[in-house]
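Enquirer: Supplied in structure tokens, the structure appears directly below.
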Amino acid sequence: MKNQNDHNFDELIDELGSLPDPDYTKQAQDNIHHNLMHDMDKKNKDNKWKLPVKKIGLGMVGLLAVLLFSILYLPYFQQPFSGENESPTEGDWEVSTEYTEDDKVLFDVSPDPNLTSGKPFGYTFSFKEQFETYEGKELAVYAYHKTSGEKITAVQPTLISEPSPGYQTLERFTATFDLPSKGLWRYVVELDGIRYGDVVLQVGGD
């Protein structure tokens, strides 16, 4: 004997059987295919936009982080040597044969006692820091006249490969050159193109 549930199920089957067959004509199939492709294309476009937007957002965050770091911290890693950005013709022109930094003598110079302009004279530069400070670097000396601002290359960039003979560092770095005019001259020492220090000498002449 069939129960009520079986009777209801049979009625449902009969109703479904009485429905008309679906219209799967060529046109209907094309419409279904078109709608499906349209939905898939739209979804793909939405996903393509989401990915670039996400990348752009992350890129902006990274750029802002780098910019913030540059503004706040980079200057601390780029502190110049004392007087590096100062013009050689500016600053103190008091005669001094030694250069100090933080109360420490980094080097001094001993010129010929008869130093005058127009003739070559010898100089001895005595550098006080450990040899590793200078090793493998190019040392150069430039001279600047106080009044005219004239610049002279006193010592061409010279690669430092070994200490002064008989010493553990550059205790006796010698050079010979002439200056074209009398007056105050500032001698600027550079290492690899970076200002290391300077001294001021009075040069005699006619």
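Enquirer: Going residue by residue through the stretch 179-199, is there one that turns out to be out of contact with any strand residue (DSSP E or B) (no Cβ under 9 Å at 6 or more places or on another chain) and not β-branched (Val, Ile, Thr)?
Expert: Checking the stretch 179-199: not a single residue is out of contact with any strand residue (DSSP E or B) (no Cβ under 9 Å at 6 or more places or on another chain) and not β-branched (Val, Ile, Thr).
Enquirer: Any residue at all in the stretch 114-121 that's outside any strand (DSSP E or B), assigned by TED's automatic domain parsing to the domain that holds Asp178 and touching a Phe, Trp or Tyr at 6+ places or on another chain (Cβ under 8 Å)?
Expert: yes
Enquirer: Quick one: how many residues across the stretch 152-189 are of a type in the set (Lys, Arg) and either in contact with a Lys or Arg (Cβ under 6 Å, 6 or more places away or on another chain) or surrounded by 19 or more Cβ atoms within 10 Å (Cβ to Cβ) (or both)?
Expert: 1
Enquirer: Looking at the stretch 99-107, can you tell me whether even one residue there is among the aliphatic types (A, V, I, L, M), in contact with a Phe, Trp or Tyr (Cβ under 9 Å, 6 or more places away or on another chain) and within 22 Å of Glu171 (Cα to Cα)?
Expert: Looking through the stretch 99-107, at least one residue is among the aliphatic types (A, V, I, L, M), in contact with a Phe, Trp or Tyr (Cβ under 9 Å, 6 or more places away or on another chain) and within 22 Å of Glu171 (Cα to Cα).
Enquirer: Any chance you could count how many residues in the stretch 127-143 are more than 29 Å from Pro180 (Cα to Cα) and in contact with a strand residue (DSSP E or B) (Cβ under 7 Å, 6 or more places away or on another chain)?
Expert: So the count comes out to 3.
Enquirer: In addition: Mind checking whether some residue in the stretch 89-112 is modelled with pLDDT under 95, at negative phi and loosely packed, with under 12 Cβ neighbours inside 10 Å?
Expert: Within the stretch 89-112 (the criterion being modelled with pLDDT under 95, at negative phi and loosely packed, with under 12 Cβ neighbours inside 10 Å), the answer is yes, since at least one residue qualifies.
Enquirer: Could you list, in sequence order, the residues of the stretch 147-206 that are assigned to a strand (DSSP E or B) and of a type in the set (Val, Ile, Thr)?
Expert: Ile152, Thr153, Val155, Thr158, Thr174, Thr176, Val188, Val189, Ile194, Val199, Val200, Val203
Enquirer: Could you list, in sequence order, all residues of the stretch 113-141 that are loosely packed, with under 14 Cβ neighbours inside 10 Å and of a type in the set (S, T, N, Q)?
Expert: Of everything in the stretch 113-141, those that are loosely packed, with under 14 Cβ neighbours inside 10 Å and of a type in the set (S, T, N, Q) turn out to be Asn114, Gln130.
The values are calculated or read from the model by the stated rules, or taken from the named source; none is laboratory data. Since this is a predicted model, take the numbers as computed values, not measurements. Backbone-built Cβ (ideal geometry, glycine too); neighbour counts: all protein chains shown.
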